[in-house]
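Asker: Right, I'll just put the structure down here and ask away after.
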Amino acid sequence: MKTFKLTIVSDTKTLFSGQAVFCSITTHSGSMGFEANHEPFLCTLREGSAIQVKDASSKETEITVANGMLSFKNNTCIVTVLTI
């Protein structure tokens, strides 16, 4: 199973850091899903949305955020958020 490096950080702490199989977010244009080797991408998250993460051990986590932004490049995804 292919993975990518995912880091989700808030203004006060790291919410997730590790290898992920899948990450789903909601942008102002709709829902987006990310897997290993996704093309470079930059976007803002819709206010009050949730981030769904499936890590390398198939554990699923949901993180609700106030807003934020996502960057995916070189098989690394960084999500910077403000939490609710």
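The values are calculated or read from the model by the stated rules, or taken from the named source; none is laboratory data. It should be emphasised that the depicted structure is a prediction, and the values quoted were computed from it without experimental measurement. Counting neighbours? That spans all protein chains shown, and the Cβs are built from the backbone with ideal geometry, glycine included.
Asker: Listed residues LYS13, LYS59; which is loosely packed, with under 14 Cβ neighbours inside 10 Å, closer than 14 Å to THR80 by Cα and basic (Lys, Arg)?
Answerer: Working: LYS59 fails: closer than 14 Å to THR80 by Cα.
Going through LYS13, LYS59 in turn, just one is loosely packed, with under 14 Cβ neighbours inside 10 Å, closer than 14 Å to THR80 by Cα and basic (Lys, Arg): LYS13.
Asker: Given the criteria modelled with pLDDT under 95 and either within 11 Å of the chain's Cα centre (by Cα) or not small (Gly, Ala, Ser) (or both), does ASP11 qualify? It would help to see each step written out before you state the result.
Answerer: On the way: modelled with pLDDT under 95: yes; either within 11 Å of the chain's Cα centre (by Cα) or not small (Gly, Ala, Ser) (or both): yes.
It is true that ASP11 is modelled with pLDDT under 95 and either within 11 Å of the chain's Cα centre (by Cα) or not small (Gly, Ala, Ser) (or both).
Asker: So, of the residues in segment 32-49 that are over 12 Å from LEU70 (Cβ atoms), modelled with pLDDT of 95 or more and surrounded by 10 or more Cβ atoms within 10 Å (Cβ to Cβ), which turns out to be nearest to the chain's Cα centre (by Cα)? Give the derivation first.
Answerer: Restricting attention to segment 32-49, the residues satisfying the condition of being over 12 Å from LEU70 (Cβ atoms) are 35-37, 39, 47-48.
Narrowing further to those that are modelled with pLDDT of 95 or more: 35-37, 39.
Remaining after also requiring surrounded by 10 or more Cβ atoms within 10 Å (Cβ to Cβ): 35-37.
Details: GLU35: 10, ALA36: 12, ASN37: 14 Å.
Within segment 32-49, the match that is nearest to the chain's Cα centre (by Cα) is GLU35.
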